[in-house]
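None of the figures in this text is laboratory data; all of them are computed from the coordinates on show. Keep in mind it's a predicted model, so treat the numbers as computed, not measured. All Cβ positions, even for glycine, are placed from backbone atoms using ideal geometry, and neighbour counts span all protein chains on display.
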Amino acid sequence: MLYLFKNASRLKEIFAQQASPNGGFAERIQAWQYRVYDIAVGTQTGFAAIAAEQYEAHNRRVQALFEDMSNQAPAGSEAAVAALKKLIDSSGAFYDSVNKSVRQAVTMAEGGFEAVLPRTWNASGATTG
């Protein structure tokens, strides 16, 4: 195999063959890109699920703590308890809003990536073919 690389013109032929549409190099690169994309999407989905589970568990603990605290609050502190409850509810609504926006942004980015890969593939086929 080393004798192939001793001749510079033969080396150019090897690279030209690999870069041509029939050489398989472009197909391997595209397959690799799709695989990396699938891994990234799977990882992001897994992290999002874990984060959502953690948030829900934390939210349940805060709600339980708040309920326990409001049951033990001294008389006359109803206004403070109501204000704290409103604060907790609004922070939950804020989290839901941000989470929804992030999911929409991720969906848009995924759609853009899925739209760009075939175009890139078609463009590279047109320039090398």
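Tell me the net charge near Asn71. Cut-off is 14 Å between Cβ atoms, Asn71 excluded, with +1 for each Lys or Arg and -1 for each Asp or Glu. Summing Lys/Arg as +1 and Asp/Glu as -1 gives -2. Taking other residues whose beta carbon is less than 14 angstrom from the beta carbon of Val81, and scoring Lys, Arg as +1 and Asp, Glu as -1, yields -2.
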